[in-house]
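**Q** What follows is a single structure, and I will ask about it in a moment.
Nothing in this text is a laboratory measurement; each read-out follows from the coordinates by a stated rule. Please read all numbers here as calculations on a predicted model, not as lab measurements. Ideal geometry is used to build each Cβ from the backbone, glycine not excepted, and the neighbour counts take in all protein chains shown.
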Amino acid sequence: MTTLEAVTLAAVAWSVGALAWAARSAWRRPSPRAAAAPAGTALSGIVYAFGAGMSPRAKESASHHPLVYVAGLVYHAGVLSGGAALVAHLAGAALPASIALGLGAAMTLGATAGLVLLARRRSNPLLQAISAPDDYASNAIVDAWLASGALAMFTWSVTPFLVLTIVLALYAPLGKIRHCVFFFLARGLFGTRLGRRGVVAHLHGSRS
Amino acid sequence: MSTGIPLTPAPAPPAPDAYRRRLASLEPETVARARAAFAALLTRDHAVHLDACVHCGLCTTSCHYALVDEDPRNSPAYKVHLVAEAFRQESSAWARMFPGWTGARPVDAELIGEWVDVLFGRCSMCGRCTANCVVGIDVPALVRAARGALAAAGLVPPELQSTVDAAVNTGNNMSITHDDWIGTIEWLEDELRAEVGDDTARLPLDECDADFLYVLNPREPKFYPLSIVAAGAIFHRAGVRWTLARDYFDVTNYGLFSGSPEAAATIARRLVDTTRRLRAKQLVLGECGHGFAANRWLAPEWLGEEPGFEVRSVVDVVADLIRDGRIELDPSRIPNLVTLHDPCNLVRNGGVIAPQREILARAVTQWVEMAPHGYQNYCCGGGGGQLSMTRFARRRLEAGRIKADQIRATGARIVAAPCHNCVDQLSEIGKEYALGIEVKTMCELVADALVRRP
């Protein structure tokens with residue numbers, strides 16, 4: 001393992017630890033006990049939240065904004081691909097060329113989608129009003145990381161990818177990228193509420 | 001007979017301009033109170049949702065305020081943003097070190113002014129944004145937390161605060177005196193007997209061991225007394241054992257909207273204690289959306305205990321009575337096309353979605369859903385305390401245009417609305433947008449359709 005790889009691993013470890021600590025801190029805040037008799041099960045809501053509730057038909061944020069929705073999907077598919085490429089590299093696994101090209105393509109598309117979303121944030125008056133420099137920086141860091149990952153897949157030059165992994169890993173727990181953990185917690189709470197209140201059973205066919 | 005209700009009238013709210021003047025020159029102690037209260041009110045769920053929001057703004061097109069006015073402040077994302085700024089300041093040392101970079105901001109006089117304008121004045125806490133959010137951010141809960149901080153600092157808009165104060169001080173939000181309440185029920189009992197043609201029909205008061213205690217919106221005895229007669233006619237015809245309470249009869253809980261958990265708990269406690277005092281098997285909540293959400297779902301959290309009895313909506317009860325054949329309906333008595341409004345706190349946030357549809361299927365000749373409907377239906381615009389906050393009335397009516405368009409598209413002449421707050425707002429937007437509609441509660445429709453026995 002090279003020094004750069006060791007530092008990368010250390011940065012990733014910091015990131016995982018800090019994100020876990022942030023989640024734990026939030027989770028340890030006071031939470032009123034849900035004492036009302038449930039009308040349904042929390043599990044049914046959680047299954048919905050991570051299942052059918054993720055479909056574009058289930059929410060207008062997707063169905064009313066198909067381009068942004070697709071860009072978001074492509075962006076996050078790129079991030080997952082970048083993560084897979086990183087794990088493979090740190091594990092010393094040699095990726096077959098076809099897989100490397102596939103991951104590289106996904107990261108290229110992801111970086112492009114990220115730039116589209118960044119441009120949207122820069123040009124939309126509402127998004128300008130609710131964005132801090134962290135919002136732009138978080139996007140830009142991930143875009144650069146994806147681009148460097150794609151470069152690594154296409155040229156086998158991993159140094160920029162590892163350097164940017166360090167930057168990303170160090171920054172992730174400090175800003176908006178924290179949502180990579182909190183998304184799942186929030187979605188779980190959303191589903192729990194829908195399930196307990198018996199809303200889930202009626203969720204199909206509410207549009208016409 | 002003493003009822004325990006203090007009969008002192010609620011204090012008059014300060015003139016609106018006094019409130020504005022106060023906001024413009026807030027004392028440091030008041031700001032500090034709001035700041036401390038905000039920090040204390042933040043729960044696990046708030047923290048998780050605030051850290052999960054990706055500031056994408058895609059919720060904007062799901063909000064009736066934002067759909068009628070493109071001002072960014074109407075977007076739910078902006079509302080979350082205002083709360084998130086203060087949250088970062090409160091929760092993260094990193095954010096406090098670099099506030100310009102992270103978007104952290106202390107609760108100060110300027111932010112408080114924005115909270116009042118945006119979180120009180122541009123949100124009905126309907127939760128449609130949550131339903132359509134990429135993540136499922138609980139926007140109404142975040143808005144309520146910030147409102148609660150303002151409540152702790154005495155900065156709730158006075159019209160809303162006076163509604164809460166009236167409930168806390170007099171036992172109901174319209175300050176109806178004990179004598180007026182009892183007198184109204186006695187008068188309405190005569191009306192009920194005439195309506196059902198049975199001199200034994202009653203509007204029972206304080207009867208112990210009944211099947212259920214029925215609580216209602218104080219607008220009913222004050223403005224819509226025949227709504228009480230309608231419920232009474234249904235219960236009488238079904239032969240159920242029910243009762244009203246002599247003291248606490250108010251289903252509403254505006255503490256939910258002012259954000260004050262203390263006021264909300266005080267109000268909720270009375271219905272729990274009254275149900276226990278009368279040993280009623282169930283607490284049945286009259287047609288009030290937020291009253292349902294408050295008493296069915298949130299009261300046990302505010303009180304920190306299970307009630308020990310079932311809490312149900314009267315809509316659910318009436319649907320049961322129809323299903324069990326305990327009342328007979330003649331839908332031909334309501335020949336006009338009916339459409340159904342879904343009160344947010346009963347449906348999207350409450351889970352009562354099917355019973356009102358079962359009722360309409362049996363009580364009226366023809367009815368049609370709005371588009372969208374059910375979980376996805378739009379707010380009428382009257383929730384979140386908007387009906388009481390007259391200073392924001394113009395915005396409320398403009399936001400009601402979305403609901404007006406929905407109603408117009410159905411071609412219905414009657415709008416069924418299982419919520420008295422919604423009835424008021426729908427009636428207002430009916431006039432504002434010349435819809436030519438009649439707005440009725442479910443009980444009123446069912447009572448109209450009851451088969452008269454010889």
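**Q** Fully extended, how many nm does the chain gain between A:Asn124 and A:Arg33 (0.36 nm per residue separation, minus their Cα-Cα distance)? Walk me through the numbers before you get to the answer.
**A** Values: separation 91, 0.36 × 91 = 32.76 nm, distance 4.00 nm.
Once the chain is fully extended between A:Asn124 and A:Arg33, it gains 28.8 nm.
**Q** Residue separation times 0.36 nm, minus the C-alpha to C-alpha distance between A:Ala20 and A:Tyr136: what's the value? Walk me through the intermediate numbers first.
**A** Values: separation 116, 0.36 × 116 = 41.76 nm, distance 2.36 nm.
Once the chain is fully extended between A:Ala20 and A:Tyr136, it gains 39.4 nm.
**Q** Can you give the three extents of the C-alpha atoms in the stretch B:351-435 along their principal axes, from longest to shortest, in whole Å?
**A** Reported extents, whole Å, longest axis first: 41, 28, 20.
**Q** Subtracting the Cα-Cα distance from 0.36 nm times the residue separation, let me have the gained length for B:Arg413 to B:Ala36 in nm, one decimal. Before the final figure, lay out each step's value.
**A** Details: separation 377, 0.36 × 377 = 135.72 nm, distance 5.03 nm.
Result: 130.7 nm gained on full extension.
**Q** Give the value in nm², to one decimal: projected area of the alpha carbon convex hull of chain B, averaged over all directions.
**A** Numbers: hull surface 85.3 nm².
Dividing the Cα hull surface by four gives the mean projection, 21.3 nm².
**Q** Scan the stretch B:347-416 for trypsin sites (Lys or Arg not before Pro) in coil per DSSP, keeping those whose Cβ has at most 16 other Cβ atoms within 10 Å, and list them by number. It would help to have the intermediate numbers written out before the result.
**A** Details: sites: B:Arg348, B:Arg357, B:Arg362, B:Arg391, B:Arg394, B:Arg395, B:Arg396, B:Arg401, B:Lys403, B:Arg408, B:Arg413; in loops: B:Arg348, B:Arg413.
Hits after loop and neighbour filter: B:Arg413.
**Q** Between B:Glu438 and B:Asp198, what FRET efficiency comes out of the Förster formula 1/(1 + (r/R0)^6) with R0 = 35 Å and r the beta carbon distance, rounded to 0.05?
**A** Working: r = 27 Å, r/R0 = 0.78.
So the FRET efficiency works out to roughly 0.80.
**Q** Let me ask another. As I understand it, the dipole of the stretch B:16-155 uses +1 on the Cβ of Lys and Arg and -1 on the Cβ of Asp and Glu, about the Cα centre. Which of B:Val68, B:Pro99, B:Phe87 lies farthest toward its positive end?
**A** Result: B:Phe87.
**Q** While we're on this one: Any chance you could check the Cα centroid distance between the stretch A:148-167 and the stretch B:364-416 for me, in angstrom?
**A** That distance is 54 Å.
**Q** Considering only A:Ala201, B:Thr243, A:Ala119, whose Cα is most displaced toward the positive end of the charge dipole of the protein assembly as shown, charges sitting on Cβ of Lys, Arg (+1) and Asp, Glu (-1)?
**A** Toward the positive end, the furthest listed residue is A:Ala119.
**Q** Quick one: if you stick a label point 7 Å off each Cα along the C-beta vector at A:His76 and A:Val167, how many nm between them?
**A** 2.5 nm
**Q** Using a Förster distance of 22 angstrom, determine the FRET efficiency expected from the C-beta separation of B:Asp69 and B:Thr390, and round it to 0.05. Can you show the working numbers first?
**A** On the way: r = 19 Å, r/R0 = 0.86.
The value I calculate is 0.70.
**Q** Per DSSP H run of at least 4 residues, take -39500 (n - 2.57); add these up for chain B, divide by its residues and hand me the 222 nm value, nearest 500 deg cm²/dmol.
**A** -14000 deg cm²/dmol
**Q** Here's something else I'd like to know. Just to be sure I follow: if Rg is taken over the C-alpha atoms of the protein assembly as shown and Rh is the Kirkwood radius over the same atoms, what is Rg/Rh?
**A** Details: Rg = 27.1 Å, Rh = 26.5 Å.
Looking at the protein assembly as shown, the ratio lands at 1.02.
**Q** Evaluate the charge dipole of the protein assembly as shown about its Cα centre and quote only its size in Debye, nearest 20, assuming +1 on the Cβ of each Lys and Arg and -1 on the Cβ of each Asp and Glu. It would help to have the intermediate numbers written out before the result.
**A** On the way: 64 positive and 61 negative charges, 299 e Å.
The calculation lands at about 1440 debye.
**Q** May I pose another question? If you place +1 on the Cβ of every Lys and Arg and -1 on the Cβ of every Asp and Glu, how big does the dipole about the Cα centre of chain B come out, in debye to the nearest 20? Don't jump to the answer; show the numbers that get you there.
**A** Details: 48 positive and 56 negative charges, 157 e Å.
In total the dipole reaches around 760 debye.
**Q** To the nearest 20 debye, what charge dipole does the stretch A:38-198 have about its Cα centre, counting +1 at the Cβ of each Lys and Arg and -1 at the Cβ of each Asp and Glu? Walk me through the intermediate numbers first.
**A** Working: 11 positive and 4 negative charges, 121 e Å.
So the dipole magnitude of the stretch A:38-198 works out to roughly 580 debye.
**Q** Please give the net charge around B:Leu41, taking every other residue with its beta carbon less than 15 angstrom from that of B:Leu41, where Lys and Arg add +1 and Asp and Glu add -1. Don't jump to the answer; show the numbers that get you there.
**A** Values: positive: A:Arg29, B:Arg33, B:Arg35, B:Arg44, B:Arg144, B:Arg147; negative: B:Asp45, B:Glu90, B:Asp138, B:Glu262, B:Glu301.
Charge balance in the 15 Å sphere: +1.
**Q** With r as the distance between the Cβ atoms of B:Glu27 and B:Arg269 and R0 = 41 Å, compute the FRET efficiency 1/(1 + (r/R0)^6) and round to 0.05.
**A** Numbers: r = 32 Å, r/R0 = 0.77.
Efficiency for this residue pair is about 0.80.
**Q** So, one more: Is there a simple number for the mean count of other chain Cβ atoms within 10 Å of the Cβ of residues in A:22-28, and what is it? Before the final figure, lay out each step's value.
**A** Numbers: counts 4, 3, 0, 5, 12, 4, 2.
Average neighbour count from other chains, rounded to a whole number: 4.
**Q** Residues with amide H under 5 Å of B:Leu205's amide H, sequence separation 5 or more or different chain, H placed in the peptide plane at 1.01 Å from N; which?
**A** It is B:Leu244, by chain and number.
**Q** Modelling each spin label as a point 7 Å along the Cα-to-Cβ direction, I'd like the B:Asp17/B:Asp324 distance in nm, to one decimal.
**A** Result for the modelled spin labels: 5.9 nm.
**Q** Of A:Lys59/B:Lys403; B:Lys79/B:Lys431; B:Lys79/B:Lys222; B:Lys222/B:Lys431; A:Lys176/B:Lys79, which pairs sit farther than 26 Å apart, going by alpha carbon to alpha carbon?
**A** Values: A:Lys59/B:Lys403 19 Å; B:Lys79/B:Lys431 30 Å; B:Lys79/B:Lys222 35 Å; B:Lys222/B:Lys431 21 Å; A:Lys176/B:Lys79 17 Å.
Violating the 26 Å Cα-Cα cut-off are B:Lys79/B:Lys431; B:Lys79/B:Lys222.
**Q** What is the distance, in nm, between label points placed 7 Å from the Cα along the Cα-to-Cβ direction at A:Thr155 and at A:Leu101?
**A** 1.9 nm
**Q** For the stretch B:167-323, what number results from the quotient of the Cα radius of gyration and 2.2 N^0.38 Å?
**A** Values: Rg = 14.8 Å, N = 157, 2.2 N^0.38 = 15.0 Å.
Against the compact-globule rule of thumb, the ratio is 0.99.
**Q** Can I get the semi-axes of the stretch B:16-155's equivalent ellipsoid? Compute them from the C-alpha gyration tensor as square roots of 5 times the eigenvalues, in angstrom, largest first. Please report the intermediate quantities before stating the final value.
**A** On the way: eigenvalues 104, 73, 33 Å².
Output for the stretch B:16-155: semi-axes of 23, 19, 13 Å.
**Q** Okay, moving on. Put +1 on the Cβ of each Lys and Arg and -1 on the Cβ of each Asp and Glu in chain B; which of B:Ala39, B:Asn295, B:Thr266 then has its Cα farthest toward the positive end of the dipole?
**A** The Cα lying farthest towards the positive end belongs to B:Ala39.
**Q** Roughly how large, in nm² to one decimal, is the mean projection of the convex hull of the alpha-carbon atoms in chain A? Write down the numbers at each step before the final one.
**A** Numbers: hull surface 56.8 nm².
Projected area, direction-averaged: 14.2 nm².
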